[in-house]
1. Counting only the heavy atoms of the protein chains, how much of E294 is accessible to a 1.4 Å probe, in Å² to the nearest 10?
2. For K36, list the aspartates and glutamates whose Cα falls under 20 Å from its own Cα; do not include residues on the same chain fewer than 8 positions away.
3. Mind checking the full-extension length gain between A64 and A16? Use 0.36 nm per residue of separation minus the Cα-Cα distance, one decimal, nm.
4. Given a cut-off of 28 Å, name the pairs among K203/K256; K62/K283; K62/K203; K62/K154; K41/K166; K27/K256 whose C-alpha atoms lie farther apart than that in the structure shown.
5. Once Lys and Arg get +1 and Asp and Glu get -1 on their Cβ, which of L292, V275, G252 lies farthest toward the positive end of the dipole of the range 229-306?
6. Can you compute the modelled spin-label distance between R201 and N222, with each label point 7 Å from Cα toward Cβ, in nm?
7. Could you please put L28, L196 in sequence from largest to smallest accessible area, using a 1.4 Å probe?
8. Once phi is turned into ³J(HN,Hα) by the Karplus curve 6.51 cos²θ - 1.76 cosθ + 1.60 with θ = phi - 60°, what whole-Hz value does each residue of the range 55-67 show in order, with x for glycine and proline?
Amino acid sequence: MSKRDYYEILGVSKTASDDEIKKAYRKLAVKYHPDKNPGNKEAEEKFKEINEAHDVLSDKQKRARYDQFGHAGVGGAGGNPFGGGAAGNPFGQGGAFNFNGQTFNFDFGGGGAFDDILGSIFGFGGGARRPRRGADYQTTVTLTFEEAVFGTTKTISAEGKDIKVKIPAGIDDGMSVRLKGKGGPAPEGGTEPGDLYVRVRVKPHKQLTREGAIILSEQRINMVDAALGCEIEVPTVDGTVTMKVPAGTQSGTPFKLSGHGVPFRSDGDRGPHIVTVIVETPKNLSRKQKELLEEFRKTKKRGFWG
């Protein structure tokens, strides 16, 4: 199902000011707040929708990407085969899927599975009784930015054995891979061994960052290239890509490189890489450069850029 337009959700125009967006959000948030509508599922969904729209439109960078690229620019393109969750996150808040015969479970922390792990290891926690089984173990692997994007295989040691772990493409920092039956051995009289949870840490990249399936970067150009237009070389996870910058480009303008982001579907579909162009103003000009710029300014009636 396609998502509704964020401006339509808040009932404001696309030229609405920050204050207008804030006022519209507050009015709707009060109207549809779950505390005022207990048990009303429709109101609950509207409240979530309102908050999602406000999260994007109240952030200048997110709003700029949304205005240019729609939901795809803020990670809300849909097509998530792994279940629901925050916009732009293809794995949601948790879940599992089968990859080459191996089951992978994902968890962002904050309770749930890992509370159970700690309870198993240290002997605390409540909940319903479970069959007697071995202890769950946890370990950590560190990936490069590219390994997290494209997936990889890592070898870890557990119980004096080397275990190969298949890391799926698109995994993010803080997620975990569950290896069923690879934890502690079943206790005497027990029924099954425990599980091994492999928590992922991703090294930061020098030039790239990530929001769900979207990769972000900045590219600096001088004001002459911005005014006249140019071609620039952009580093991506797929290597260097040549990108055209049209004449008259303003600082802060985002450009979309489709298909150069993070895989978010089992069929290999990938999000975009969004490049924000930053126009640099020179600090140290030669006398000749100053003269040329002064001459240029004199020819303009409406200011420097006309």
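The values are calculated or read from the model by the stated rules, or taken from the named source; none is laboratory data. Remember, predicted model here, so these are calculated numbers, not experimental data. Every residue, glycine as well, gets a Cβ built from its backbone with ideal geometry; the counts of neighbours run over all protein chains shown. Surface accessibility is based on the protein's heavy atoms, side chains included, excluding ligands, DNA and RNA. Shrake-Rupley method; radii C 1.70, N 1.55, O 1.52, S 1.80 Å.
1. Rounded to the nearest 10, that gives 80 Å².
2. E44, E45, E49, E52
3. On the way: separation 48, 0.36 × 48 = 17.28 nm, distance 1.29 nm.
Fully extending the segment from A64 to A16 adds 16.0 nm.
4. Numbers: K203/K256 24 Å; K62/K283 30 Å; K62/K203 24 Å; K62/K154 35 Å; K41/K166 39 Å; K27/K256 34 Å.
Long pairs (Cα-Cα over 28 Å): K62/K283; K62/K154; K41/K166; K27/K256.
5. Going by the charge dipole, the pick is L292.
6. 4.2
7. Numbers: L28 35, L196 5 Å².
The residues order as L28, L196, largest area first.
8. For the range 55-67, the Karplus-derived couplings read 4, 7, 6, 8, 9, 4, 5, 5, 5, 4, 5, 5, 4 Hz, x marking Gly and Pro.
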